[in-house]
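Student: Here you go, one structure.
The values are calculated or read from the model by the stated rules, or taken from the named source; none is laboratory data. Keep in mind that what you see is a predicted model, and the values were worked out from it rather than measured. Neighbour counts are summed over all protein chains in view; Cβ atoms, including those assigned to glycine, are modelled from backbone coordinates with ideal geometry. Surface accessibility is based on the protein's heavy atoms, side chains included, excluding ligands, DNA and RNA. Shrake-Rupley method; radii C 1.70, N 1.55, O 1.52, S 1.80 Å.
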Amino acid sequence: MLESRSRQSAEASTEAGNILTARVPRLAATELARLLDVYGLSGTFKPLSGERDQNLKVTAADGRHYVLKIANAAEPAQALAFQNAALDHIAMADQDLPVPRTVTSLEGATIVPVHHDSAVFMARLVTHLPGEPALDFRATPGFRRDAGRLAGRLDRALSSFRHSGGPTDMIWDLRHAAALEDRIHHITDPRRRAIAEKVMTDFTTHVVPAFTGLRRQVVHNDIHQNNIMRDPCSGAITGIIDFGDMVETCLINEAAIAIAHQLYREPDVLGVASEFLSAYATAMPLEHAEVAVLFDLVKMRLLSREIIVAWRSATLDGPSPYRADISEMGWEALSRALSINPEHASEHLEKAMTALAAAPRSTSTDQHFEDLMARRRKAMGPMYKEFYQQPFMPVKGEGVWVTDTHGKRYLDAYNNVPHVGHCHPQVSDAVANQVRVFNSNTRYPSELIVDYAERLTATLPDHLDTAMFVCSGTEANELAWRIATANTGGTGALVTDAAFHGNSTIIGALDTATLPHDRLEPWIGTVSAPRFAGAAGGNGNALSSGDYASTYTKSIAGLAKRGHHPAAFFVCPVFASDGLYSVPSGYLDPAIAEIRRAGGLVIADEVQTALGRTGSHYWGFQHAGLVPDIVTMGKPMGNGIPLGVVVARRSLVEGFLQSQRYFNTFGGNQVAAAAGLAVLDVIEKEKLQENALHIGTHLRENLAGLMGRHAAIGDVRGTGLFAGVEIVEGDKPSPTKARAVIEDLLTRGVLVGLTGAGRNLLKIRPPMVFSRENADMLVEALDKALARVG
């Protein structure tokens, strides 16, 4: 069997190699002019690069530009017809896709025979795309994402293309790369030959058997920086050229080839690959089995080129047609790729594939919704993802209820922005009244703003006595970081290992819930969340208090080794993004002591826990037993009006202002202050902290009661009106099942979210006016959803 496969591979390799070694046409200027007459054109010619064809840029007399392509003698006519048909198909499937367009002769032919030097060659004319090869530009993450998105669009357009004339044994087709094994001996450097043998063994062992289960379609098969054109003025990609290597093969080969060529001169192999792949997947989502072999395919593409270069250099007369400097870069990239654990690489790429991809959903019958989404994508781009995989467009809110465009009401058990209920009349009136009177900034003295600062700080411990206003939780954490670094001299930050604290450049770098830990900045240290179980009983996976503190010691030491000392520890008091954990009294004390000894401050991020949410306390840090230096607030403070707050010790603010300044135009303006005051009034008047305590207890008890009925519930955790239901498959997190549950709940008129390190925790965080009846409705709907999902 092995002997048979080896013989077939050798035969295929020999046949495929014929095109590379076939006679290349070299038409003279007079012959080219006669050929151009066939198209009714005249003009000048400029030679272009081509591995096996004669390619020329044509500048016609009327100023238009074309590319004349004269194929070598071994190129089958049906292969050229295949390429032309593909270009015509792309033009119909995606009219805006920047690729060459075919041009017909005066007789309507797209392929014209040319007699030259006692041989017949086939010529084609296509439109010329403006720009210069991307190889002449520095590749940036933005370029790689643009290239990935364009490649994905191209493959999506080609996914419906069928043609029988394509090549079946192309040497550059990665499906046939194993056929190059008998040419590895042409690599003369022993170290590089050993690398080649290792990559080939991995490829034949892990990838070749998987080919039969992978999707196949026609692909470009050669998307690299010489075939991607860019505008020299704007840097924008102007198109993809050279469809001469098109072939029907495994779809994943396209991404592998493109990624391989992006790795030249790039030390961060996985980062570069992720940038391309994340954008590619937005247009052409990949399957798990495809991503599983992608990294081996990338290495094989890098190797294929070098085997072919070595073989042709050894067997051809004259100088090698391949650039030696690119070969050096190829071997360096291959060595870097080989140093990465393949399983880690696949996990990293799997995560990257979903980074920019929208949640998949089929087109709905709601034409108004589909039209709006098309408008949104056009006007607002890919930044804004859909929350659900099915249409949902709320247009009205009241208390714990939201209503969609069709008049259907939904119980909102997720949103904490409307902290005291959607459109609470007291808050709405306060905002409306103030906006009719005056609204400016905090540089002007305002009794209203001072009233709010006094009321808010009165709810906090005495040492937290100075309030500063911003517009969001991100801005609050950014200001807190600046205060911490100014007062400690530290440059390092500690966060839990699945944390989220905001979106700015600095605070976004702390997004350990999304960013792979091996790609975190060196000034960031991570510690685990204290994983105490809830209704499941026992301590879960929690360490003892002392052992937990030692993880902080280790992380601080890691920072020091990397040249940083901690300025601050950012912490959500209930570790919401990590999985929602409450800790016993005093548990965190030894860990916090390690932060203090290292000179760091403690920043309590109250964006999700402020204003009585935990039920037991007004502030989340009190619930966790923390004594913070700085408290940051956001989402719930204005009940929907943008309002963020930083409260700190006065001495820290003074220390900050000795070397820096800060001003926020809209932070804490009069309208925001009016909203903030109204929120505090409603919490007190309607006893919402007490409501959170009692209704939250009732809710969690009833959620825990479902555990005996549904094996998919691994645990129920939380405090007050902040509950989490862990969805599992056996003893493993099941984000897929968790997603199915929240989609089913939507159809039943209930909104919940997802969180947790495994994205498998149902996030239940309703407005604080949630009632016992609301809680019972939620539990009943979840019971039915779990029964259906399984």
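Student: Label T140 and R759 with points 7 Å out from Cα along Cα→Cβ: what is the distance between them in nm?
Tutor: The two pseudo-label positions are separated by 2.8 nm.
Student: Starting from one equal scatterer on each C-alpha and no solvent at all, send me the Debye-based log10 I(q)/I(0) for region 29-127 at q = 0.13 Å⁻¹, two decimals.
Tutor: With one equal scatterer per Cα and no solvent, log10 I(q)/I(0) is -0.44.
Student: Run the numbers for E343 and E729: contour at 0.36 nm per residue of separation, minus the present Cα-Cα distance, in nm. Please report the intermediate quantities before stating the final value.
Tutor: Values: separation 386, 0.36 × 386 = 138.96 nm, distance 2.22 nm.
136.7 nm is the gain from fully extending E343 to E729.
Student: Which of the listed residues, P167, G213, A177, is farthest toward the dipole's positive end in region 132-357, when Lys, Arg count +1 and Asp, Glu count -1 at the beta-carbon?
Tutor: The one lying farthest along the dipole's positive direction is G213.
Student: Round to the nearest 0.05 the FRET efficiency obtained for H517 and S118 when R0 = 51 Å and r is the Cβ-Cβ distance. Kindly include the intermediate steps, with their values, before the conclusion.
Tutor: On the way: r = 65 Å, r/R0 = 1.28.
Rounded to the nearest 0.05, the efficiency is 0.20.
Student: May I ask you to derive the FRET efficiency for Q367 and V450 from their Cβ-Cβ distance with R0 = 51 Å, giving the value to the nearest 0.05?
Tutor: 0.50
Student: Could you give the accessible area per residue of region 657-790, probe 1.4 Å, as a whole number in Å²?
Tutor: With all protein chains present, region 657-790 gives 40 Å² per residue.
Student: First compute the accessible area of the chain with a 1.4 Å probe, then give the percent of it belonging to carbon and sulfur atoms.
Tutor: The C+S portion of the solvent-accessible surface of the chain is 52 percent.
Student: OK, next. If you project the alpha carbons of the chain onto the principal axes, what extent comes out on each, in Å, largest first?
Tutor: 98, 60, 57
Student: Using alpha-carbon pairs under 8 Å, 6+ residues apart, how would you state the relative contact order of the chain in percent?
Tutor: 10
Student: Where the centroid of each part is defined by its Cα atoms, how far is region 485-522 from region 268-297 in Å?
Tutor: If you average the Cα positions of each part, the centres end up 25 Å apart.
Student: In addition: Starting from the Cα of T736, step 7 Å along the direction of its Cβ; do the same at R650; then give the gap between the two resulting points in nm.
Tutor: Computed distance between label sites T736 and R650 equals 6.0 nm.
Student: Pull out the extension gain between N226 and H206, defined as 0.36 nm times the separation in residues minus the alpha carbon to alpha carbon distance; nm, one decimal.
Tutor: This chain segment gains 4.2 nm when fully extended.
Student: Taking a virtual spin label 7 Å from the Cα of T127 along the C-beta vector, which residues in region 203-239 bring their backbone nitrogen under 14 Å of it?
Tutor: 238-239
Student: While we're here: For S771 and R216 in one chain, what is 0.36 nm times their gap in residues minus the Cα-Cα distance, to one decimal in nm?
Tutor: Numbers: separation 555, 0.36 × 555 = 199.80 nm, distance 5.41 nm.
Working it through step by step, the gained length comes to 194.4 nm.
Student: To the nearest 500 deg cm²/dmol, what mean residue ellipticity at 222 nm is calculated for the chain from DSSP H runs of n ≥ 4 alone, each contributing -39,500 (n - 2.57), summed and divided by the residues?
Tutor: About -13000 deg cm²/dmol.
Student: Shifting gears a bit: I need two numbers for region 257-297: Rg to one decimal and Dmax as a whole number, Cα atoms only, in Å.
Tutor: Values for region 257-297 (Cα only, Rg and Dmax): 10.3, 29 Å.
Student: Quick check: net charge around T496, other residues with Cβ under 12 Å of its Cβ, Lys/Arg +1 and Asp/Glu -1?
Tutor: On the way: positive: R531; negative: D497, D511, D578, D605.
It works out to a net charge of -3.
Student: Set the Förster distance to 56 Å, then compute FRET efficiency between A711 and A77 from the Cβ-Cβ distance, nearest 0.05.
Tutor: Efficiency for this residue pair is about 0.35.
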